[in-house]
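Here the structure is laid out as structure tokens; the discussion comes afterwards.
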Amino acid sequence: MRPHSTFNRLTATAIATAACVWFGAPSADAVTAADTPPVVSRGVTIPAFYTPPAQLPTANGVVIRQEPLPLGISLPGLDGRRLPGKATRLMYKSTDSNGRAVAVTGAYIEPSAEWKGDGPRPLVAVASGTMGQGDQCAPSFALQHPLTVSGETLSIGYDNLAIYRLLATGAAVVVTDYVGLGATDRLHTYVNRLDEAHAVLDAVRAARALPGTSITPGSRVGLYGYSEGGGATASAAELQPAYAPDVQLAGTYAGAPPANLTSVMKGIDGSALVSALGWSINGFTQAYPELRSVLEANLNDAGREALADTSTMCVGDAILSYGFTRSTAWTASGKSIADAIAAEPRAQAVLDDQRIGTLKPAGPVRVATGIHDDVVPHGQARQLAVDWCRNGGNVTYEAINLPNLGDRILTNHLAPLITDQGEAISWLTDRLEGKATTSNCWALPFQR
């Protein structure tokens, strides 16, 4: 097993104890980040900013702390302002899937470009695609360090392209790091639909609360996400009416959403991104400690080592270390992890509860999925659109028809991210301008 950093010991404690609960009045200075030693994750020192205080605010979306965030890619503008804008690192309060207070980090970017559409400058909450589970993989960290390379980790801020394209439209952008990705007190609860939806919606609240921005109470709000981010925005669109009725949604883009984790686990197994199985199991075991006994009963030593190892990895080092491994190598029975979970009612019930598509989404939504995507399988993403249509949603469904670019090597998953990005941003910009859209649910039977 590889030697682990201080963060690894924190993650092991988090899994065993299912994390901590905070109560009390808001106070970012009660226990400052400077009071604790720095966390080092795979050779990368995590800034003290990412260490949450001991006490958290009561209200969701309250900004706990903020500081200027230097963007790793920035250019001087003709008017003296830096392009694409001025960034602020954030920590804000949210609520996890157990109803407990949690600190989430992220970033807000005030764009240099003018908003030329109808109404005040809008706000887009960006939910990043899979970055990993180590704190050095956080999207806000990637805005400052688009490429993070150490002897132990490799992280690329690939969603920065979408963020910069959104900023170029004149929309403000807030980026969430999700629960536990960046914030050093717990593991990232990967693809936990409640944690991720709450983090997205509370990021909007936090952006609205920041002083000195051009966001107004009348600013329209859009959500943008692909892959893990597509699942997060899809879940946020479903949960907005109950969790954040104050955050009205003008439009939501959900690209390649992992809406059915049972199906997604089978697609990921043996692929370049098999480490995502480890990230999901780590996160769900932390959130639901009753699964610990199920995990122990089914994993062998290699599986336990892989889960501990992946808990601090980013996508790059995860692919290099575990790409194309079959999960049968990690179980005591030789079954795949998906089959092992199916045989355990408690574990399967957790996955079933993560299903997205059981509720009507708020506002218009656009679901896009590559027809050859076999990592986040196309069929289950299409089914989300079908389910939302049946629930009466205003759904625009887009089946992205590209050639088959290779099985389980991520190309069929990543190509639609790039080829559809312009259309996705254009569709969302129209919603932010107040333009109406009509559902194409009627055409779903004729689309793959």
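Within region 382-417, the set of residues being closer than 28 Å to SER219 by Cα and free of Cβ contacts under 8 Å to residues at least 60 places away in the same chain comprises ALA385, TRP388, CYS389, ASN391, GLY392, GLY393, ASN394, VAL395, THR396, TYR397, GLU398. Filtered by the rule that a residue be of a type in the set (D, E, K, R), open to solvent by 20 Å² or more (accessible area, probe 1.4 Å) and in a loop (DSSP other than H, G, I, E, B), region 359-393 gives LYS360, ASP374. Does GLY422 fit the bill of being assigned to a helix (DSSP H, G or I), at pLDDT 95 or above, within 30 Å of VAL274 (Cβ to Cβ) and open to solvent by 20 Å² or more (accessible area, probe 1.4 Å)? No: the conditions fail for GLY422.
What residue, of VAL44, VAL39, VAL21, VAL31, is aliphatic (A, V, I, L, M) and either under 19 Å from ALA209 (Cα atoms) or at pLDDT 95 or above (or both)?
Numbers: VAL39 fails: either under 19 Å from ALA209 (Cα atoms) or at pLDDT 95 or above (or both); VAL21 fails: either under 19 Å from ALA209 (Cα atoms) or at pLDDT 95 or above (or both); VAL31 fails: either under 19 Å from ALA209 (Cα atoms) or at pLDDT 95 or above (or both).
Going through VAL44, VAL39, VAL21, VAL31 in turn, just one is aliphatic (A, V, I, L, M) and either under 19 Å from ALA209 (Cα atoms) or at pLDDT 95 or above (or both): VAL44.
Does any residue of region 162-173 turn out to be of a type in the set (A, V, I, L, M, F, W, C), open to solvent by 10 Å² or more (accessible area, probe 1.4 Å) and not in a helix (DSSP H, G or I)? No, that holds for no residue. Selection of region 394-419 for residues being open to solvent by 30 Å² or more (accessible area, probe 1.4 Å) and not acidic (Asp, Glu) yields ASN394, ASN401, LEU402, PRO403, ASN404, LEU405, ARG408, ILE409, THR411, LEU414, ILE418, THR419.
Restrict the check to region 248-265 and report whether at least one residue is small (Gly, Ala, Ser), assigned to a helix (DSSP H, G or I) and closer than 14 Å to THR176 by Cβ.
Within region 248-265 (the criterion being small (Gly, Ala, Ser), assigned to a helix (DSSP H, G or I) and closer than 14 Å to THR176 by Cβ), the answer is no, since none of the residues qualifies.
Collect the residues in region 386-413 that are hydrophobic (A, V, I, L, M, F, W, C) and under 20 Å from the mean Cα position of the chain (by Cα), keeping them in residue-number order.
Of all residues in region 386-413, those hydrophobic (A, V, I, L, M, F, W, C) come to 386, 388-389, 395, 399-400, 402, 405, 409-410.
Correct list: LEU410 only.
Working only within region 213-246, note down all residues that are assigned to a loop (DSSP other than H, G, I, E, B) and open to solvent by less than 20 Å² (accessible area, probe 1.4 Å). Before you say what the answer is, go through the steps one by one.
First pass over region 213-246, keeping only residues assigned to a loop (DSSP other than H, G, I, E, B): 213-220, 227, 244-246.
Scanning region 213-246 gives SER219, SER227, ALA244.
Is there a residue being of a type in the set (A, V, I, L, M), buried (at least 24 other Cβ atoms within 10 Å of the Cβ) and outside any helix (DSSP H, G or I) anywhere in region 269-284? Yes.
Just one of (1) in contact with a helix residue (DSSP H, G or I) (Cβ under 7 Å, 6 or more places away or on another chain); (2) open to solvent by 10 Å² or more (accessible area, probe 1.4 Å) trips up TYR158, so point out which. With (1) in contact with a helix residue (DSSP H, G or I) (Cβ under 7 Å, 6 or more places away or on another chain); (2) open to solvent by 10 Å² or more (accessible area, probe 1.4 Å) applied to TYR158, the lone miss is (1). Residues satisfying the criterion are absent from region 318-328 (criterion: of a type in the set (Lys, Arg), under 29 Å from PHE141 (Cα atoms), open to solvent by 30 Å² or more (accessible area, probe 1.4 Å) and more than 23 Å from the chain's Cα centre (by Cα)).
Looking at the structure I just gave you, is ARG355 basic (Lys, Arg), under 21 Å from the mean Cα position of the chain (by Cα) and open to solvent by 60 Å² or more (accessible area, probe 1.4 Å)?
Details: basic (Lys, Arg): yes; under 21 Å from the mean Cα position of the chain (by Cα): yes; open to solvent by 60 Å² or more (accessible area, probe 1.4 Å): yes.
Against the criterion (basic (Lys, Arg), under 21 Å from the mean Cα position of the chain (by Cα) and open to solvent by 60 Å² or more (accessible area, probe 1.4 Å)), ARG355 qualifies.
Filtered by the rule that a residue be open to solvent by 50 Å² or more (accessible area, probe 1.4 Å) and either touching a residue at least 40 places away in the same chain (Cβ under 8 Å) or not in a loop (DSSP other than H, G, I, E, B) (or both), region 63-102 gives GLN66, GLU67, PRO68, PRO70, ILE73, LEU75, PRO76, ARG82, LEU83, LYS86, ASN98, ARG100. Any residue in region 116-130 that is open to solvent by 10 Å² or more (accessible area, probe 1.4 Å), among the aliphatic types (A, V, I, L, M) and at pLDDT 95 or above? The answer is no, given that none of the residues of region 116-130 is open to solvent by 10 Å² or more (accessible area, probe 1.4 Å), among the aliphatic types (A, V, I, L, M) and at pLDDT 95 or above. Criterion applied to VAL191, VAL126 was being touching a residue at least 40 places away in the same chain (Cβ under 8 Å) and part of a strand (DSSP E or B), and the one residue passing it is VAL126. In region 290-358, counting only helices (runs of 4 or more DSSP H) that sit wholly within it, the ones holding 2 or more residues that are among the hydroxyl-bearing types (Ser, Thr, Tyr), in contact (Cβ under 8 Å) with a residue 24 or more places away in the chain and more than 29 Å from LEU384 (Cα to Cα) span 315-322.
Looking at this structure, is LEU249 buried (at least 24 other Cβ atoms within 10 Å of the Cβ) and more than 19 Å from VAL191 (Cβ to Cβ)? In short, yes.
The values are calculated or read from the model by the stated rules, or taken from the named source; none is laboratory data. Keep in mind that what you see is a predicted model, and the values were worked out from it rather than measured. Note: ideal-geometry Cβ built from the backbone for every residue, glycine included; neighbour counts use all protein chains shown. Side chains are part of the model used for accessible areas, which takes the heavy atoms of the whole protein and leaves out ligands, DNA and RNA. Shrake-Rupley method; radii C 1.70, N 1.55, O 1.52, S 1.80 Å.
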